[in-house]
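The values are calculated or read from the model by the stated rules, or taken from the named source; none is laboratory data. Treat the numbers as computed from the prediction; the structure is a model and nothing was measured. Please note: Cβ atoms are built from the backbone with ideal geometry, for glycine as well, and neighbour counts cover all protein chains shown.
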Amino acid sequence: MADRGSQSGQSTVELVAALPALLLAGLLALQLFATGYALTLADGAAEAGALALASGQPAASAARDALPGWAGDDVEVTVRGGRVTVRLRPPSALPAVAERLVVTSSAAVRPK
């Protein structure tokens, strides 16, 4: 019976030791999903800006309007010639991590 008790204690210790690693893996997975989502949003915003540019509307405001509210402070939109570039910082609990995962997307139209 002493053997069984030590095995039960060992399982508890292993679970406690593995829990931080599991939490870190989950946080990493969520951050990667958030980064992918931010890239999809940046693609759509760049396309919206380019379409606005093609129709003679302000491209930067069209690109910003295509993004959800949380992205307002985390986006940079530049327009050069017929190219609209959107740079978006993904949501993150750690700002230093988000700065390293900034995504950029561009869309272009031909001038008339």
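Report those helices (runs of 4 or more DSSP H) wholly inside the chain carrying at least 2 residues which are β-branched (Val, Ile, Thr).
2-54
Within segment 61-84, identify whether any single residue is surrounded by fewer than 12 Cβ atoms within 10 Å (Cβ to Cβ), over 15 Å from the mean Cα position of the chain (by Cα) and more than 18 Å from residue 101 (Cα to Cα), and answer yes or no.
yes
Given the structure, is residue 42 in contact with a Ser or Thr (Cβ under 7 Å, 6 or more places away or on another chain) and surrounded by 18 or more Cβ atoms within 10 Å (Cβ to Cβ)?
On the way: in contact with a Ser or Thr (Cβ under 7 Å, 6 or more places away or on another chain): yes; surrounded by 18 or more Cβ atoms within 10 Å (Cβ to Cβ): yes.
Yes, satisfied.
Taking the criterion of being surrounded by 16 or more Cβ atoms within 10 Å (Cβ to Cβ), over 17 Å from the mean Cα position of the chain (by Cα) and small (Gly, Ala, Ser), would at least one residue in segment 19-36 satisfy it?
No: zero hits.
From the set of residues in segment 85-100 that are in contact (Cβ under 8 Å) with a residue 40 or more places away in the chain and small (Gly, Ala, Ser), which is surrounded by the fewest Cβ atoms within 10 Å (Cβ to Cβ)?
Once the filter is applied, the top-ranked residue is 93.
Rundown of residues vs (1) in contact with an Asp or Glu (Cβ under 7 Å, 6 or more places away or on another chain); (2) closer than 20 Å to residue 32 by Cα, yes/no style:
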site: 68; (1), (2): no, yes
site: 72; (1), (2): no, no
site: 75; (1), (2): no, yes
site: 87; (1), (2): yes, yes
site: 92; (1), (2): no, yes
site: 106; (1), (2): no, no
site: 109; (1), (2): no, no
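Assuming residue 103 fulfils every condition listed in (1) modelled with pLDDT under 95; (2) in contact with a strand residue (DSSP E or B) (Cβ under 7 Å, 6 or more places away or on another chain); (3) of a type in the set (A, V, I, L, M) apart from one, which condition is it?
(1)
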